[in-house]
């Protein structure tokens, strides 16, 4: 798997992430590098001091961006749309399905195709789970694009998602006023990009250190970089011949995300937070493991999740199969899988259009070892 290391962040993605970060923020609010202060070997103040240039960057960028957001009340509403329990909002996720480096490069058609693609996949487990054939899946994607501005088609797809009624109304309104909404979106993101670039030089060294680290070890092959610690490089066989573009994010500093999907017009990409590895190293292992253990016990303490884990211990299943066997709706199973995934009790692999869930054997063994220690009084 060839890895192309980008030496600059994708400002378009960063700008969308900034909007997501400031929705519940007031001007002058303190910014902390970490939120869960109890799981780190340093105090929150010590970590803030360690990365004081970053905290100052966030304060300046976020506060100025808040002034901009006041001029776009309709987009404040749209950016609040959340999908399931994902930390990212709808439009922050949508931007992952475009190839824009700057908003100037983004066409209205590409933007709404990305919105449409994501809406389609909100219901993918229930409507598309039988699309084993890659060519058949690509026909579905082509139909989406052929009907890119067919309002009735959009409404049909929106109504099939698990968004609540208020969120569905917001999204339908977006498509019904596509020209006006897109123009406002572009103006908003341009202004946020400008603020980001104004202060970027103060923290650029974080990006460059990551670029140097991955470039020196990578030699164009993902298997030779630290990325292999976080992903299965063999998983995405249907696009394995294409290079993946790796960007480093200042805004989503402690996260890792990737988009390697069926639509060949969307370039495979990864975004790695500039502090992803650093914050992992600062975790208090004992407290982290204790917190994770509690999450695991909560996850297993619910009857349906217990039965799902028992089922997956036999072999991997995809969501629709789990729903059928357990006797729950796909939406309910999806909720349970989010809880099990958060507790690191399961992991996912993709085959064609299907996402298979597997028991995380390593975590289960750790739980068994802990109970064994307790039984021995250790």
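The values are calculated or read from the model by the stated rules, or taken from the named source; none is laboratory data. Please read all numbers here as calculations on a predicted model, not as lab measurements. Cβ: placed from backbone, ideal geometry, glycine included. Neighbour counts: every protein chain shown.
Among residues of the stretch 359-378 that are surrounded by 10 or more Cβ atoms within 10 Å (Cβ to Cβ), those with a Cβ under 6 angstrom from a residue that is in a helix (DSSP H, G or I), sequence gap 6+ or separate chain, pair up as 359/312.
Condition check: out of contact with any strand residue (DSSP E or B) (no Cβ under 8 Å at 6 or more places or on another chain) and either modelled with pLDDT under 75 or surrounded by 14 or more Cβ atoms within 10 Å (Cβ to Cβ) (or both). Does residue 307 satisfy that?
yes
Counted as qualifying within the stretch 156-253 are the helices (runs of 4 or more DSSP H) with 3 or more residues that are at pLDDT 90 or above and under 23 Å from the mean Cα position of the chain (by Cα), namely 178-200, 204-218.
Restricting attention to the stretch 17-27, report how many residues are out of contact with any strand residue (DSSP E or B) (no Cβ under 9 Å at 6 or more places or on another chain) and at pLDDT 90 or above. Here the count works out to 6.
Listed conditions (1) at pLDDT 85 or above; (2) not in a strand (DSSP E or B) are all met by residue 357, apart from (2). Applying a threshold of 7 Å to beta carbon distances and a minimum spacing of six or more residues, or different chains, the list of pairs starting in the stretch 185-205 at a residue that is assigned by TED's automatic domain parsing to the domain that holds residue 105 and surrounded by 14 or more Cβ atoms within 10 Å (Cβ to Cβ) and ending at one that is part of a loop (DSSP other than H, G, I, E, B) and modelled with pLDDT of 95 or more reads 203/250.
Residue 313 passes every criterion in (1) crowded, with 17+ Cβ neighbours inside 10 Å; (2) out of contact with any helix residue (DSSP H, G or I) (no Cβ under 8 Å at 6 or more places or on another chain) apart from (1).
If you go through the stretch 1-25 and pick out every residue that is without any contact (Cβ under 8 Å) to a residue 40 or more places away in the chain and over 21 Å from the mean Cα position of the chain (by Cα), you end up with 0. Evaluated against (1) without any contact (Cβ under 8 Å) to a residue 24 or more places away in the chain; (2) part of a loop (DSSP other than H, G, I, E, B); (3) in contact with a helix residue (DSSP H, G or I) (Cβ under 7 Å, 6 or more places away or on another chain), residue 306 falls short on exactly one condition, (2). Highlighted here are the helices (runs of 4 or more DSSP H) found entirely within the stretch 6-83 that include at least 2 residues which are surrounded by fewer than 17 Cβ atoms within 10 Å (Cβ to Cβ): 44-50, 52-69, 73-79.
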